[in-house]
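See structure below.
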Amino acid sequence: MGFIKEFKDFAVKGNVVDLAVAVVIGAAFGKIVDSLVTDVITPLILQPALTAAHLTHLEDYVIMGSVKIGVFLAAIINFVIVAFSLFLVIKGINASKKKEAETPAPPAEPSSTDKLLMEIRDALKK
């Protein structure tokens with residue numbers, strides 16, 4: 001029974017659950033990026049090059065009969081988009097943390113002993 005309990009404790013830890021959620025969201029984000037490259041960027045930006053090469057999709061570009069260079073180029077474009085997206089997200093997170101760090105904490109209130117000493121000092125001054 002100890003092994004099963006230990007496995008259950010491991011599997012339900014917050015870190016494991018967070019990692020699982022991140023993997024699922026990452027897979028969905030990957031599909032979005034793939035669609036962005038295939039359906040938006042390639043037709044808009046690469047259309048003149050594809051037309052010159054007599055292709056309709058970047059993935060169709062093949063050299064030397066079997067080297068699928070178009071698939072490789074699409075993967076590079078996907079990587080650049082994902083890296084840039086993550087850069088923007090991390091930059092936004094760091095900016096919000098920086099704003100939180102810049103707000104100074106209010107000065108600490110003097111302790112009761114300090115207050116008492118200040119009252120004694122003020123009384124002696126009078």
- Filtered residues of the stretch 27-38 (kept if of a type outside the set (Ser, Thr, Tyr) and either touching a helix residue (DSSP H, G or I) at 6+ places or on another chain (Cβ under 9 Å) or over 20 Å from residue 83 (Cβ atoms) (or both)): 29, 30, 33, 34, 36, 37
- Message: Contact list please: Cβ distance under 8 Å, first residue in the stretch 68-82 and closer than 20 Å to residue 50 by Cα, second residue of a type outside the set (Gly, Ala, Ser) and exposed (fewer than 13 other Cβ atoms within 10 Å of the Cβ), pairs at least six apart or on different chains.
- Response: 69/63
- By residue number, the members of the stretch 52-74 that are open to solvent by less than 40 Å² (accessible area, probe 1.4 Å) and part of a loop (DSSP other than H, G, I, E, B) are 55
- If you go through 41, 4, 32, the only one that is among the β-branched types (Val, Ile, Thr), under 18 Å from residue 78 (Cα atoms) and open to solvent by 100 Å² or more (accessible area, probe 1.4 Å) is 32
- Message: One residue is enough: does the stretch 106-126 have a residue meeting the conditions surrounded by 10 or more Cβ atoms within 10 Å (Cβ to Cβ), out of contact with any Leu (no Cβ under 8 Å at 6 or more places or on another chain) and under 27 Å from residue 34 (Cβ atoms)?
- Response: no
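The values are calculated or read from the model by the stated rules, or taken from the named source; none is laboratory data. Bear in mind the structure is a predicted one, so any value in this text is a computation, not a measurement. FYI the Cβ positions are ideal-geometry reconstructions off the backbone, even for glycines, and counts take in every protein chain you see. All accessible areas refer to the heavy atoms of the entire protein, side chains included, with ligands and DNA or RNA removed. Shrake-Rupley method; radii C 1.70, N 1.55, O 1.52, S 1.80 Å.
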